[in-house]
Amino acid sequence: MVRVRFAPSPTGYLHIGSARTALFNWLYARHTGGQFILRIEDTDKVRSNPEFLDEILGSLKWLFMEWDGELTFQSKRFDLYKKYAEALVEKKLAFREGAAIIFKVEKERRVFFDDMIHGRIDFSTDEIKDQVLMKSDGTPTYNFACVVDDAQMKITHVIRGDDHISNTPKQILLYNALGFEIPQFAHIPLILSKDGGRLSKRHGATSIFEYKNMGFVAEALVNYLALMGWAPGNDVEILPIAEMIKLFDVKNVNKTGATFDMDKLGWLNSQYIKNMEINKLIAETKEFLKCKGVIDDKFDEKKWGEIVLAYKERTRTLEDFVSVYKIFFNSELEYDEKAVEKYLKKPNSKDIIVKCRAVLEKLPAFDHNSIEGAYRKLADELKMKPAELIHPTRVAISGKTVGAGLFEMMAILGRDAVLKRMEKFC
Ligand code: GLU
């Protein structure tokens, strides 16, 4: 059975690159009916922090990557590493230097492995120094703990970032020395920024947590991460998780770096919002507004549902719903000054708003169709284009030039609020 693992160090938040590594492991496990194990590489007691761990686990769960079985903590396994290091001393393959244990690397040998993505990778041991296994403070090194654990945990495939390629020959020497079976390796290319360099803070948000906070939905982020460096063989851009699981194979991951493109992610997010089942979208937006402290428990859920339906085709992130919320529920409207200048400060602006308002006041029913009919009729009477009435009205009632359909917005706002907002410009 395929057993893969994701092995984060809790020394920082889960960032885009690691989340994609986790995702490729997870997809491979689910595709093959195998297991996805989490190992926490917390050997650095000073830099490891439980807060980071919580955040990493929270981000994985948010992105649907449930793991199998219990977590393994390297910090609880120091005795095991020590035992194996001492066995190597015993076999004269390692030596002590003070309290440290060091592995002797025989020179003039070749180490190679067949990477599932890059093909054969070959190193000379002349390039590899003797390896510290246990440091003098009693903690294991990354390469040593990693080998002991991958073997003990019966990991069949090691899928990790290609920044680890140079560690792999060192690890293979240790597998051989310890008599462990060598797993398959797949080194996935790094994620690059648009300018070609390594993705870093400089290019904006890097942690998953920040993307959640900016209003990206989990499904869109998973979709985006999966297609960064992997393609299911056609030009498909929107791929639900169930499809990904069906189609994913680590062998098909690209050899070259994938580029992170924020605009593309934004577009994908807007597609997921647009196509999301409406009750789920209402729940997600509500949760988001709550997190942002925009709403409390007194919240007009029915009205919000209508608003979400009216706006879902026009938003890029959940964050956009914050300003939408304010249009409908804040007593003080925020106005786009330029829009006010353009549509409400013209010589005939006041006249237009007064006439529209008078019609709305007398309208027997205040619904989308009635309002639209009345506006079209009034435009005819005034020999104006409907747009000449619609734009100023929109700015007067929402403060903005863009948004959902005007008549839809007016119907949701209700007659009293609409008349009150228009009065300001009469
Ligand atoms: N803790 C290591 C890292 O985060 C794990 C590398 C590996 O998967 O072997 O880079």
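Readers should treat all values here as calculations from the given coordinates under stated rules, not as data from a laboratory. Please read all numbers here as calculations on a predicted model, not as lab measurements. Here Cβ is always computed from backbone atoms with ideal geometry, including for glycine, and neighbour counts include all displayed protein chains.
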**Fill in**
The lysines whose Cα lies under 16 Å from the Cα of K91, excluding any fewer than 8 residues away in the same chain, are K82, K83, K104
**Fill in**
Bridge orientation stat for the chain from DSSP, antiparallel percent rounded to 5, came to 55 percent
**Request:** Find the relative contact order for the chain and round it to a whole percent, using C-alpha pairs within less than 8 Å whose residues are 6+ positions apart.
**Result:** 13 percent
**Table column - 3J(HN,Hα) (Hz), segment 91-98, Karplus curve with 6.51, -1.76, 1.60, x for Gly and Pro** = 7, 6, 9, 9, 9, 9, 9, x
**Fill in**
Simple SL model, points at 7 angstrom along Cα→Cβ for C291 and F180; separation in nm is 3.7 nm
**Message:** Suppose only helical runs count, i.e. DSSP H with n ≥ 4. What mean residue ellipticity at 222 nm does that imply for the chain under -39500 (n - 2.57) per run, divided by all residues and rounded to the nearest 500 deg cm²/dmol?
**Reply:** -14500 deg cm²/dmol
**Prompt:** If you average 1/r over all unlike Cα pairs in segment 299-399 and invert the result, what Kirkwood radius do you get in angstrom?
**Reply:** 15.2 Å
**Complete:** With R₀ set to 22 angstrom, the calculated FRET efficiency between the beta-carbons of E70 and M1, to the nearest 0.05, is 0.80
**Message:** Considering only C-alpha atoms, what is the centroid distance from segment 12-89 to segment 375-396, in Å?
**Reply:** 61 Å
**Prompt:** Residue-wise, which Karplus ³J(HN,Hα) couplings in Hz belong to segment 40-55, taking 6.51 cos²θ - 1.76 cosθ + 1.60, θ = phi - 60°, and x for glycine or proline?
**Reply:** 9, 8, 10, 6, 8, 5, 6, 8, 6, 9, x, 5, 5, 4, 4, 5
**Complete:** The equivalent-ellipsoid semi-axes of segment 269-348, taken as the square roots of five times the Cα gyration tensor eigenvalues and listed largest first in whole Å, are 26, 16, 11
**Prompt:** Across segment 270-275, in residue order, what do the Karplus-derived ³J(HN,Hα) couplings come to in whole Hz, using 6.51 cos²θ - 1.76 cosθ + 1.60 with θ = phi - 60° and x for Gly and Pro?
**Reply:** 5, 5, 5, 5, 4, 9
**Prompt:** If you project the alpha carbons of segment 203-254 onto the principal axes, what extent comes out on each, in Å, largest first?
**Reply:** 31, 22, 17
**Prompt:** Between L133 and residues 5 or more places away or on another chain, which pairs have amide H atoms under 5 Å apart, with H built 1.01 Å from N, and which residues are they?
**Reply:** I101, I102, F103
**Distant-in-sequence amide H partners of I40 (H built 1.01 Å from N, under 5 Å)** = T72, F73, Q74
**segment 1-155 shape via C-alpha gyration tensor axes, a/c threshold 1.5** = oblate
**Item:** Options T156, Q171, L221, ranked by Cα towards positive dipole end of the chain, top entry (Cβ charges)
**Value:** L221
**Cα Rg, Dmax, the chain, angstrom units** = 29.7, 100
**Message:** My understanding is that a pair violates if its Cα-Cα distance is over 27 Å; which of K212/K274; K212/K342; K400/K420; K255/K280; K264/K302 do that in this structure?
**Reply:** K212/K342; K255/K280; K264/K302
**Request:** Give, rounded to the nearest 20 debye, the magnitude of the charge dipole that segment 250-296 has about its Cα centre when Lys and Arg contribute +1 at Cβ and Asp and Glu contribute -1 at Cβ.
**Result:** 200 debye
**Request:** Find the centroid of the Cα atoms in segment 253-273 and in segment 280-344, then give the distance between the two in whole Å.
**Result:** 26 Å
**Message:** Once you place label points 7 Å from the Cα toward the Cβ at K345 and K91, how far apart are they in nm?
**Reply:** 8.2 nm
**Request:** Give, rounded to the nearest 20 debye, the magnitude of the charge dipole that segment 8-167 has about its Cα centre when Lys and Arg contribute +1 at Cβ and Asp and Glu contribute -1 at Cβ.
**Result:** 340 debye
**Asked** Roughly how many debye, to the nearest 20, is the charge dipole of segment 143-260 about its Cα centre, given +1 on each Lys and Arg Cβ, -1 on each Asp and Glu Cβ, and no other charges?
**Response** 280 debye
**Prompt:** At H203 and I238, where each label point lies 7 Å from the Cα along Cα→Cβ, what is the point-to-point distance in nanometres?
**Reply:** 2.6 nm
**Asked** What shape does segment 323-365 have by the C-alpha gyration tensor, where a ≥ b ≥ c are the square roots of the eigenvalues, rounded means a/c under 1.5, and otherwise prolate means a/b greater than b/c and oblate the rest?
**Response** oblate
